[in-house]
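So the structure is just underneath, and the comments pick up after that.
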Amino acid sequence: MRKAVVVAPLVGLLALAFAVMPAASAATARPRPSASFSFRHDKVSTRTKPVLSYVTSNLPAGVRIYLQRQFGSAHAWKNVEQLKARRGTATAPAVALGEYGYRLHVMAGHRVVVTSRSHKLYSYGTVPLSALCPADGISCPAHTIQVGDTIFTYVLVGNGDYPDYNPALELNSTSCDSLSLQFAAAYDTNTSDSAYVEVIQSKTDPQYGSTLVGTIGSFRASLDGGPFYLETAETVDADVVMNGTASCYTPSGTP
């Protein structure tokens, strides 16, 4: 009977110890390493170095923190900058016109400690209006015409009997965020008539421009990335001729 009395409390204590051990182990487990970042602006010009803010936590001693971006058609990740501090701001090298993926990559020796979620950066450059034309199956050879006392080089022609506009260029989507045009009526006599241009988009209000016949007008439109029509009209029996550029992150003006 004495043995039974002694053994029972001992068994109870052992069971209690094993029940407490997992909870104590979980409480003292080391927090997992983490790394994250964001760009100050995820749309930049090709001449601008991207700026990012980043933060890491729970990293072991002696780690190396790299900013990586994707290269080539295989989207291979390569280091572009080593970050000295464990948090803060940094600049990355400027990149050519294009769309790029970036991430943080933390190494300890040859071992990967943690890799952040990737983010896109869009680098915008100047693209000629003629580069957008093949997108809807038309060509844009350069021609010249006299407008007032100026020889005007144009690559796109439109028409329309104002106030009715006709499409001169149609894109289902675009990598461009703005369009800058010079335009005129192909008419060699100064009159009180005018030439008109407009940009129509599904998610943005229409944007308009006009110029008197015998003058070269300027027009700038913001683009929202969705479908857009560039349309023209005039109050004189003449075509509307156009030239210009767009700000895009692809050379073709389409994603």
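Out of everything in the stretch 123-154 that is in contact with a helix residue (DSSP H, G or I) (Cβ under 9 Å, 6 or more places away or on another chain) and surrounded by fewer than 16 Cβ atoms within 10 Å (Cβ to Cβ), what residue ends up being modelled with the highest pLDDT?
The extreme case among them is 142.
In the stretch 44-74, which residues are surrounded by fewer than 11 Cβ atoms within 10 Å (Cβ to Cβ) and on the phi > 0 side of the Ramachandran plot?
Result: 62, 72.
Restricting attention to the stretch 229-250, and to residues there that are farther than 14 Å from residue 129 by Cα and hydrophobic (A, V, I, L, M, F, W, C), which single residue is surrounded by the fewest Cβ atoms within 10 Å (Cβ to Cβ)?
Filtering first and then ranking leaves 236.
Testing residue 94 on (1) touching a residue at least 24 places away in the same chain (Cβ under 8 Å); (2) over 29 Å from the mean Cα position of the chain (by Cα), one condition comes back false. Which one is that?
Residue 94 satisfies all of (1) touching a residue at least 24 places away in the same chain (Cβ under 8 Å); (2) over 29 Å from the mean Cα position of the chain (by Cα) except (2).
Taking the stretch 155-172 as the search range and keeping residues that are of a type in the set (D, E, K, R) and part of a strand (DSSP E or B), which one is modelled with the highest pLDDT? I'd like the intermediate steps shown before the answer.
Residues of the stretch 155-172 of a type in the set (D, E, K, R): 161, 164, 170.
Filter once more, so that each one left must be part of a strand (DSSP E or B): 161, 170.
Working: 161: 95, 170: 92.
Checking each candidate, the answer is 161.
Quick one: would you say residue 114 is modelled with pLDDT of 95 or more, over 21 Å from residue 53 (Cβ atoms) and surrounded by 16 or more Cβ atoms within 10 Å (Cβ to Cβ)? Spell out the reasoning first.
Numbers: modelled with pLDDT of 95 or more: yes; over 21 Å from residue 53 (Cβ atoms): no; surrounded by 16 or more Cβ atoms within 10 Å (Cβ to Cβ): yes.
For residue 114, the condition - modelled with pLDDT of 95 or more, over 21 Å from residue 53 (Cβ atoms) and surrounded by 16 or more Cβ atoms within 10 Å (Cβ to Cβ) - is not met.
Among the candidates 104, 83, single out the residue that is out of contact with any helix residue (DSSP H, G or I) (no Cβ under 9 Å at 6 or more places or on another chain), among the hydrophobic types (A, V, I, L, M, F, W, C), buried (at least 16 other Cβ atoms within 10 Å of the Cβ) and in contact (Cβ under 8 Å) with a residue 40 or more places away in the chain.
Values: 83 fails: in contact (Cβ under 8 Å) with a residue 40 or more places away in the chain.
The conditions single out 104.
Tell me, which residue of the stretch 155-201 that is polar (S, T, N, Q) and closer than 14 Å to residue 221 by Cβ is surrounded by the fewest Cβ atoms within 10 Å (Cβ to Cβ)?
Residues of the stretch 155-201 that are polar (S, T, N, Q), as a first pass: 159, 166, 172-175, 178, 180, 182, 189-192, 194, 201.
Within this subset, residues satisfying the condition of being closer than 14 Å to residue 221 by Cβ are 174, 178, 180, 182, 201.
On the way: 174: 24, 178: 13, 180: 15, 182: 19, 201: 18.
Checking each candidate, the answer is 178.
The values are calculated or read from the model by the stated rules, or taken from the named source; none is laboratory data. This structure is a prediction, so every number in the text was calculated from the model and none was measured. Glycine gets a Cβ as well: all are built from the backbone with ideal geometry, and neighbour counts include every protein chain shown.
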